[in-house]
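One structure is given below, encoded as structure tokens.
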Amino acid sequence: MKKVWKSSAFLLVAATMFLTSACGSSSPASTSGSASPAATKAAEAAKPADKKIVLGFAQVGAESGWRTANTKSIQDSAKEAGIDLKFSDAQQKQENQIKAIRSYIAQKVDAIAFSPVVESGWDTVLKEAKDAGIPVVLTDRAVDSKDTSLYKTFLGSDFVEEGRNAGKWLVEKVKDQKGPINIVELQGTTGSAPAIDRKKGFEEVIKSNPNLKIVKSQTGDFTRAKGKEVMEAFIKSAKAENTKMDVLYAHNDDMALGAIQALEEAGIKPGKDILVISLDGTKDAFTAMKDGKINVIVECNPLMGPQVMQIVKDVVAGKEVPKRILTKEGVFPQETAEKELPNRQY
Ligand code: GYE
């Protein structure tokens, strides 16, 4: 049921994108060939047809390969869509994102899009945007605001489902194994939607096999350097306690790649001595998987720029958009690495 909804949501977005691009226009007023007269009126009132839309985008940072691809997708597609993009990098700090959003409000941009670094603490600034009449689009990560009127839509992955998919792969992989299977977990940024949800979905599924146990879990902040550092500490304490580490579950590719380095330096073979599960699906991770160092990658798609621009055009034109729009993604076990690597876009 979830799957059906997921793909139909994707199709809906794809169809909307096709329809509007088929109209071949760049101004919001003239894209309304398929809109009702009321929506056209709202569009004209909202924005003169000859003026470029100004979009303020408050990015999380540049913490990972995923993020770099996401930023490029946003920048390239803004250019393509004829949208004037104001872009800021918050260096993974919520206070910087809030500052950036406030400056977009002060500049009276037409729309604000942002990928909230953590889930909580956004109500005040979102209310300020709403009071200023500036529509907000959430991309990639969610907020936990109870008042959903504070934003127009949330476009991004289902992180709980990603965690479940990682868990399902593991449950199947070890189904014939006897005895305890120790998992170490590298969590994403503390308090971020992907870290919370990827943990939740994974734990929910691995519960079905009592042998599976998370024995160590710590944040590596979604970066390679931190992933390596935390894995080094895990290796050290596992040695001291004389415990085995059978599985590494990393919430993103960068942390997995950092951990792989730490494992190799300690003489442990990633992908063989320890199963490695990663998330995102960057080229670097697929290369490591082709080399046998990662066992499975659950994909998370960062290339959401074109969808973001279409949504921004629609909300600025006063059109209704679905409150939740999902991105489409897959699961890639090791045997697919060689074939899939040349297809990777990021
Ligand atoms: O998995 C990670 C990035 O929010 C989905 O953020 C995103 C995550 C992604 O730093 O690599």
Next on the checklist: With an 8 Å Cα cut-off and a minimum separation of 6 or more residues, compute the relative contact order for the chain in percent.
Outcome noted: 19
Item to check | Rounded to whole Hz, the Karplus (6.51, -1.76, 1.60) HN-Hα couplings of the stretch 120-129, x for glycine and proline | outcome: 9, x, 9, 4, 4, 5, 5, 5, 4, 5
Checklist entry - Helix 159-173 versus the longest principal axis of the chain: what angle, 0 to 90°, nearest 10, using Cα atoms? => result 30
Checklist entry - Percent of accessible area on the chain owned by carbon and sulfur, 1.4 Å probe? => result 53
Next on the checklist: For a Förster distance of 45 Å, can you work out the FRET efficiency between the beta-carbons of Gln107 and Lys244, rounded to the nearest 0.05?
Outcome noted: 0.20
Next on the checklist: I'd like the Karplus ³J(HN,Hα) series for the stretch 282-296: coefficients 6.51, -1.76, 1.60, θ = phi - 60°, whole numbers in Hz, and an x wherever there's a Gly or Pro.
Outcome noted: 6, 4, 4, 5, 5, 5, 5, 5, 4, 7, x, 8, 10, 9, 7
Checklist outcome for this item: With Cα coordinates, the longest principal axis of the chain makes an angle with the long axis of helix 305-316, in degrees rounded to 10, of 40
Next on the checklist: Quick query: amide H of Ser217 versus all other amide H atoms, modeled in the peptide plane; which residues come in under 5 Å with a sequence gap of 5 or more or a different chain?
Outcome noted: Glu185
Checklist outcome for this item: Percent antiparallel among DSSP beta bridges confined to the chain, rounded to 5, stands at 5
Checklist outcome for this item: Applying the gyration tensor rule to the Cα atoms of the stretch 82-188 (axes a ≥ b ≥ c; rounded if a/c under 1.5, else prolate if a/b exceeds b/c, else oblate), the class is prolate
Checklist entry - In whole Å, how far is the Cα centre of the stretch 284-318 from that of the stretch 52-84? => result 13
Next on the checklist: So with the 1.4 Å probe, I'd like the accessible area per residue for the chain, rounded to whole Å².
Outcome noted: 45
Checklist entry - Which of the trypsin sites (Lys or Arg not before Pro) found in the stretch 120-203 are loop residues per DSSP with 10 or fewer other Cβ atoms within 10 Å of their Cβ? => result Lys146, Lys175, Lys178
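Over every pair of different alpha-carbon atoms in the chain, take the mean of 1/r and invert it; report that Kirkwood radius in Å.
21.2
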Checklist outcome for this item: The answer for GluC sites (Glu not before Pro) in the stretch 307-336 that fall in a DSSP coil and have at most 14 neighbouring Cβ atoms within 10 Å is Glu320
Next on the checklist: Please report the antiparallel percentage of the DSSP beta bridges confined to the stretch 159-300, to the nearest 5.
Outcome noted: 0
Checklist outcome for this item: Here the stretch 188-200 yields Karplus 3J(HN,Hα) values (6.51, -1.76, 1.60; θ = phi - 60°; whole Hz; Gly and Pro given as x) of x, 3, 4, x, 7, 4, x, 5, 5, 6, 5, 5, 4
Item to check | Nearest-ten-degree value, helix 37-46 long axis tilted from longest Cα axis of the chain | outcome: 90
Checklist entry - Can you list the residues, at least 5 places off or on another chain, whose amide H is less than 5 Å from the amide H of Ala111, using H built in the peptide plane? => result Val54, Gly56
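The values are calculated or read from the model by the stated rules, or taken from the named source; none is laboratory data. Predicted model, so just to flag it, every value in this text is computed and none were measured. Glycine gets a Cβ as well: all are built from the backbone with ideal geometry, and neighbour counts include every protein chain shown. Side chains included, ligands, DNA and RNA excluded: accessible areas come from the protein's heavy atoms. Shrake-Rupley method; radii C 1.70, N 1.55, O 1.52, S 1.80 Å.
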